[in-house]
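Here the structure is laid out as structure tokens; the discussion comes afterwards.
The values are calculated or read from the model by the stated rules, or taken from the named source; none is laboratory data. Just so it is clear, the structure is predicted and the values come from calculations on it, not from any experiment. Reconstructed Cβ throughout: ideal geometry from the backbone, glycine too, with neighbour counts over all protein chains shown. Each accessible area value is taken on the protein alone, full model and side chains, heavy atoms only, with ligands, DNA and RNA left out. Shrake-Rupley method; radii C 1.70, N 1.55, O 1.52, S 1.80 Å.
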Amino acid sequence: MFLNYSKSVQGKFDLVVFQISAKEYAVPITNVHSITTPDILENYENRNEFIKGIINSSGCIIPVINSQKKFNSKKLNSHTSTQTKIIIIEVQGHTVGLIIDKAPKFLSLKFDNIFIFPQVPKNKGFLAIGKIEERQIILVNTDNFFTNKEENEIKNIYKIINYKSQFKSAV
């Protein structure tokens, strides 16, 4: 689980903080594979609005999530500014890209500054709020990130990617 105190270092969690629209979100640094630019984003023909496209990251084809749709954020930009990045993260056993509006920052957050949501609807993707001075950072639940429909869409993309790669290697 995200907030496993035994995984914290001296009562702190190392996080990667990123911005989507006007809100800040964070994931554990151990869930982050890499950060890249969106110029390598390719369209994916059978996607719904939840999937923005796919990228080739170090030889692996990875689905990229439309973060503004996932987090129901108001559209401040169309993910085209020079600060827009794709953060490659591990959630629910899947490697996915997440389009973010500003380059991420690294932060250590004291356990005492984390306030767990008492009741969060299942599959909303959020776990707690981290507070630092006036900032409120939404901690993403990497163990319960996708709805069932979203997870099925991710699985279908990986099936298609695996099928196509097997077909290409047989030719």
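What are the pairs, 6+ residues apart or on separate chains, where a residue within the range 136-164 that is within 15 Å of TYR25 (Cβ to Cβ) has its Cβ under 9 Å from a residue that is buried (at least 19 other Cβ atoms within 10 Å of the Cβ) and hydroxyl-bearing (Ser, Thr, Tyr)? Hits for this filter: ILE137/TYR25; ILE138/TYR25; LEU139/TYR25; VAL140/TYR25.
Restricting LYS105, LYS122, LYS85 to those that are out of contact with any helix residue (DSSP H, G or I) (no Cβ under 9 Å at 6 or more places or on another chain), basic (Lys, Arg) and either at pLDDT below 85 or under 18 Å from ILE55 (Cα atoms) (or both) reduces the list to LYS122. In the range 28-59, of all residues being closer than 19 Å to PHE71 by Cα and under 13 Å from the mean Cα position of the chain (by Cα), the one that is most open to solvent (accessible area, probe 1.4 Å) corresponds to LYS52.
Would you mind stating whether ILE114 is within 18 Å of PHE71 (Cα to Cα) and open to solvent by less than 30 Å² (accessible area, probe 1.4 Å)? Answer is no for this residue. For SER58, the conditions (1) in contact (Cβ under 8 Å) with a residue 60 or more places away in the chain; (2) more than 21 Å from GLN83 (Cβ to Cβ) are fulfilled apart from (1).
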